[in-house]
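Below: one structure, written as structure tokens.
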Amino acid sequence: MSDDHTRVQEFFGSRADDWDLRFPDDGPAYAAAVAELGLREGDRVLDAGCGTGRALPPLRTAVGPTGLVVGADLTPAMLQAAVRAGRDRDGQLLLTDVSALPLRSRALDAVFAAGLVAHLPDPAGNLRELARVVRPGGVLALFHPIGRAALAARQKRQLTPDDLRAEHNLRPLLSGSGWAMTAYVDEDGRFLALATRAG
């Protein structure tokens, strides 16, 4: 396992038990972001870096009982917290790295990724792997329940021009990874970038 993976597991593993308690009001923001994906009954969707699975219930509602919902995370403690919260009923949970997903190419209609992109050790390569498992025309949502400036203030750091989620950085990153950005929102209440899988 790489040092990056170890750091991610240590960071999130130590916070898994009280993660949902720390952010109890994020549910409506997750539901609204999932709605932006435009999922339909029967669609197949991955929650990449699913953490405690907060997006799994609205994803299940969106795709209905005939759809497929998969939650993938690198941190065992986060997936255990998802099970304790009963969210494993809304989707299949996989302990895996988004750099090498155990999924067939073009198997999915969409990927939802909350808070993921800033933790990727190889953003371009990891976004290419997400593109690999999505059909052409499928959708990616990169989401955070608060915007970049609000998150920087929460973390007591300065917002800098090299922030990966800044539109001028994210748009070419997505483009070079098999995605075309179709929408970008960065406000205090949320961050959301939508992209379509290039043909």
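The values are calculated or read from the model by the stated rules, or taken from the named source; none is laboratory data. Here the structure is a predicted model, which means the values were calculated and not measured. Virtual Cβ from ideal backbone geometry, glycine too; neighbours counted across all protein chains shown. Just so you know, the surface numbers come from the protein's heavy atoms only, side chains and all, with ligands and any DNA or RNA stripped out. Shrake-Rupley method; radii C 1.70, N 1.55, O 1.52, S 1.80 Å.
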Next item on the list: Please list, ordered by first then second residue, the pairs with beta carbon atoms under 8 Å, 6 or more apart or interchain, first in segment 110-128 and surrounded by fewer than 21 Cβ atoms within 10 Å (Cβ to Cβ), second part of a strand (DSSP E or B).
Entry: G115/F143; G115/H144
Check: Within the set of pairs 6 or more residues apart or between chains, which connect a residue that is within 17 Å of F112 (Cα to Cα) inside segment 168-192 to a residue that is open to solvent by 50 Å² or more (accessible area, probe 1.4 Å) with Cβ atoms less than 6 Å apart?
Finding: S177/R128; G178/R128; M181/R171; Y184/E167
Next item on the list: Tell me which residues, restricted to segment 18-51, are surrounded by fewer than 16 Cβ atoms within 10 Å (Cβ to Cβ), at pLDDT 95 or above and outside any helix (DSSP H, G or I).
Entry: G38, R40, E41, G42
Next item on the list: Evaluate the following for A82: is it among the hydrophobic types (A, V, I, L, M, F, W, C), farther than 18 Å from A35 by Cα, over 14 Å from the mean Cα position of the chain (by Cα) and open to solvent by less than 60 Å² (accessible area, probe 1.4 Å)?
Entry: yes
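Please verify whether G91 is touching a residue at least 24 places away in the same chain (Cβ under 8 Å), surrounded by 22 or more Cβ atoms within 10 Å (Cβ to Cβ) and farther than 22 Å from R7 by Cβ, treating the condition exactly as stated.
yes
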Note to self: If I ask for residues that are part of a loop (DSSP other than H, G, I, E, B) and farther than 14 Å from D47 by Cβ, which ones from segment 70-87 would you list?
What the structure shows: G86
Item checked: Out of R54, R104, sole residue that is among the basic types (K, R), more than 29 Å from G176 (Cβ to Cβ) and either part of a loop (DSSP other than H, G, I, E, B) or in contact with a helix residue (DSSP H, G or I) (Cβ under 7 Å, 6 or more places away or on another chain) (or both) -> R54
Check: Looking at (1) crowded, with 16+ Cβ neighbours inside 10 Å; (2) farther than 21 Å from R104 by Cα; (3) at pLDDT below 95; (4) under 17 Å from the mean Cα position of the chain (by Cα), can you tell me which one R15 breaks?
Finding: (4)
